[in-house]
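Worksheet: the structure to be examined is printed underneath.
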Amino acid sequence: MSATEAVTSRRSIRAFTTQEVPDDTLRTILTDAARAASGTNIQPWHLTVLQGQAKDDLVDAVQAAFDSGESEKDEKYYPSEFVEPYKARRRKIGWDMYGLIGIEKGDYDKMAAQARKNYEFFGAPVGIIFSMHETMSYGGWMDLGLYMANVMTLAREHGLHTCPQAAWREYESVIHTHLALPADQRVIVGMALGYEDVAATINELRTERAGLGEFIDFRS
Ligand SMILES: Cc1cc2nc3c(=O)[nH]c(=O)nc-3n(C[C@H](O)[C@H](O)[C@H](O)COP(=O)(O)O)c2cc1C
């Protein structure tokens, strides 16, 4: 698979099969991904890779918190108010996804049921929690994003798919306690990794991208 094929065939998958990811494949992806650039080569990423019972235990703990309504919103992750064109893009992906799986406006129970699937890694056999030292700032977040992008791209080369998941941030303290992470680590984001369930309607979602003219100002 070419780099172009890997990049352009990546999309967020929200239903996985139970097929296990071979351990050597998983380790190869996570090792190669660490060739990501990082400012002054600090490599600030830290991963907790969960499979089997360890994954199921975290899923149980976080879904219990979800069910009891104990989420911890991070006011800084997304803007407090989305301006255009971001607002329209965000709405579109939301309604496209809900439309595809038959969720109508105002059907909050079904929306919550879909949101809850985040906290089982959408059925993926591998769930990853990315964390970083609490001293990390914007640069560290960017470095972690580059590592994540590599994981998502390399996964395609191995026939795997992913879904990056900011949703896990809403349960940072539950995750932190449950995984017994060092006190100075902060949970940043999660990721589901596995094989696509090609029969799942939700995986038919295809997202659009703005044309170059909308985000690049070529000058010469
Ligand atoms: C940092 C990050 C966090 C995300 N968090 C979630 C999430 O919590 N749940 C989810 O279903 N999708 C999540 N997504 C997936 C985005 O919705 C998706 O990337 C976007 O709609 C574009 O679609 P595509 O990935 O299929 O190209 C996240 C993506 C990124 C990059």
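The values are calculated or read from the model by the stated rules, or taken from the named source; none is laboratory data. None of these values were measured; they are calculated from a predicted model. Here the Cβ positions follow ideal geometry from the backbone for every residue, glycine too, while neighbour counts run over all protein chains shown. These accessible areas exclude ligands, DNA and RNA; they are computed on the full protein's heavy atoms, side chains included. Shrake-Rupley method; radii C 1.70, N 1.55, O 1.52, S 1.80 Å.
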Quiz item: If residue 80 satisfies every condition in (1) at pLDDT below 95; (2) among the hydroxyl-bearing types (Ser, Thr, Tyr); (3) assigned to a helix (DSSP H, G or I) but one, which is the exception?
Solution: (3)
Practice problem: Out of the residues in region 1-18 that are open to solvent by 100 Å² or more (accessible area, probe 1.4 Å) and not aliphatic (A, V, I, L, M), state the one that is nearest to the ligand (Cβ to nearest atom). | Solution: 8
Quiz item: Which members of region 91-119 meet the condition of being within 12 Å of the ligand (Cβ to nearest atom), surrounded by 12 or more Cβ atoms within 10 Å (Cβ to Cβ) and charged (D, E, K, R)?
Solution: 92, 96, 116, 117
Quiz item: Which ones in region 1-17 are touching a helix residue (DSSP H, G or I) at 6+ places or on another chain (Cβ under 7 Å) and part of a loop (DSSP other than H, G, I, E, B)?
Solution: 1, 10, 13, 14, 15
Quiz item: residue 67 versus (1) open to solvent by 70 Å² or more (accessible area, probe 1.4 Å); (2) modelled with pLDDT under 95; (3) more than 15 Å from the ligand (Cβ to nearest atom): which is the lone unmet condition?
Solution: (2)
Exercise. Confirm whether residue 103 is closer than 21 Å to residue 14 by Cα and touching a helix residue (DSSP H, G or I) at 6+ places or on another chain (Cβ under 6 Å).
Key: yes
Quiz item: How many residues, within region 199-220, are within 14 Å of the ligand (Cβ to nearest atom), outside any loop (DSSP other than H, G, I, E, B) and not charged (D, E, K, R)?
Solution: 2
Practice problem: Test residue 62 against the stated conditions and say whether it is open to solvent by less than 80 Å² (accessible area, probe 1.4 Å) and β-branched (Val, Ile, Thr). | Solution: yes
Exercise. Considering each residue of region 120-142, count those that are open to solvent by 10 Å² or more (accessible area, probe 1.4 Å) and either in a helix (DSSP H, G or I) or of a type in the set (Asp, Glu) (or both), and give that number.
Key: 8
Quiz item: Would you pick out the residues in region 175-198 that are buried (at least 17 other Cβ atoms within 10 Å of the Cβ) and assigned to a loop (DSSP other than H, G, I, E, B)?
Solution: 181, 195, 197
Practice problem: Would you mention how many residues in region 198-209 are among the hydrophobic types (A, V, I, L, M, F, W, C) and touching a helix residue (DSSP H, G or I) at 6+ places or on another chain (Cβ under 8 Å)? | Solution: 2
Quiz item: On the given criteria, is residue 55 among the charged types (D, E, K, R), within 16 Å of the ligand (Cβ to nearest atom) and more than 28 Å from residue 214 (Cα to Cα)?
Solution: no
Practice problem: Would you mind finding the one in 149, 167 that is within 22 Å of residue 101 (Cα to Cα) and in a helix (DSSP H, G or I)? | Solution: 167
Exercise. Given the conditions (1) farther than 18 Å from residue 17 by Cα; (2) within 12 Å of the ligand (Cβ to nearest atom), report the number of the one that residue 183 does not fulfil.
Key: (2)
